[in-house]
Structure formats: C-alpha cells, structure tokens
Amino acid sequence: MDKQYPIGKFTARDVYSAEELASFIQRIETLPHRLAAEVKKLTPAQWDTPYREGGWTIRQVVHHVADSHTHAYIRTKWALTEDAPTIKAYLEKPWAETPDTRMEVTVSLTLLDALHAKWVT
C-alpha cells in the first residue's frame, strides 16, 4: 500500500451517471461536518502528530484540505465562466509550511463549512 495515497490515486472517467454526480455533490456538501466530527475526537496535542512517518501533521492536513478545496472551488468557477480557463497549480509542500498552518484547526473548518455551502449550490 502506498502510504501517501492509501486509497490509490484518482482516475477520472469520461462519463458519470446522474446518481454518481449527485453522490459526489452530497459528499462535497457533508465533508466539512464529517471532518469536524473526526477532529473533535482528537486532543490539541494529537493535531500536531504526523498521520504517517515523514508526513504532515493532522493540523497541516486540515489546513491543506481548506487550501486545496479553495483552489478546487476557484477552478470550478473558472470552468463555469471561461471558455478555456488556465488552471494554475500550486506547490502543496511549501503551502503546508506557511504560518497559517499553525493556527487552530477551527479556522480552516469554518472556512470549509462556508466554502462547501457555496460550492454545492
């Protein structure tokens, strides 16, 4: 098993059913609440524990989810509003080391809650 991608890397298909799309949207909508429920089970000391050897801390992962989902939301908006959008990548590792990733995880959980509410409409 690849510890960096424990469920494997994503492989997109060309076509998805309406039911699959509805399920994906529902998962996007509920992710902030599911993530918050899991984080609430942890102590603040556990937030600073790497999820795997050599990996990011739980705190960094939560902040990374907020960062990456912000990028995904913006990319979705570009796809909906531009004929040929330029999708800019970002360097995840340096982003995971910026000062804001040491903030309380509740900051990113709040951001995710608002962002996902907008994203699924």
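For the stretch 1-21, give me each residue that is exposed (fewer than 11 other Cβ atoms within 10 Å of the Cβ) and either hydrophobic (A, V, I, L, M, F, W, C) or not in a loop (DSSP other than H, G, I, E, B) (or both).
Matches in the stretch 1-21: M1, I7, F10, A12, V15, A18, E19, L21.
Could you grab me the full set of residues in the stretch 44-57 that are in contact (Cβ under 8 Å) with a residue 40 or more places away in the chain and in a helix (DSSP H, G or I)?
W47 - this is the single residue of the stretch 44-57 that is in contact (Cβ under 8 Å) with a residue 40 or more places away in the chain and in a helix (DSSP H, G or I).
Please work out if Q60 is in contact (Cβ under 8 Å) with a residue 40 or more places away in the chain, among the polar types (S, T, N, Q) and not in a helix (DSSP H, G or I). It would help to see each step written out before you state the result.
Working: in contact (Cβ under 8 Å) with a residue 40 or more places away in the chain: yes; among the polar types (S, T, N, Q): yes; not in a helix (DSSP H, G or I): no.
For Q60, the condition - in contact (Cβ under 8 Å) with a residue 40 or more places away in the chain, among the polar types (S, T, N, Q) and not in a helix (DSSP H, G or I) - is not met.
Pairs please, first residue from the stretch 87-100 and within 22 Å of W47 (Cα to Cα), second anywhere and β-branched (V, I, T), Cβ atoms under 8 Å, 6+ apart in sequence or on different chains.
W95/T101; D100/V107
Bear in mind that the values in this text are calculations on the coordinates, not laboratory data. In this text the structure is predicted, and so the values were computed from the model without any measurement. All Cβ positions, even for glycine, are placed from backbone atoms using ideal geometry, and neighbour counts span all protein chains on display.
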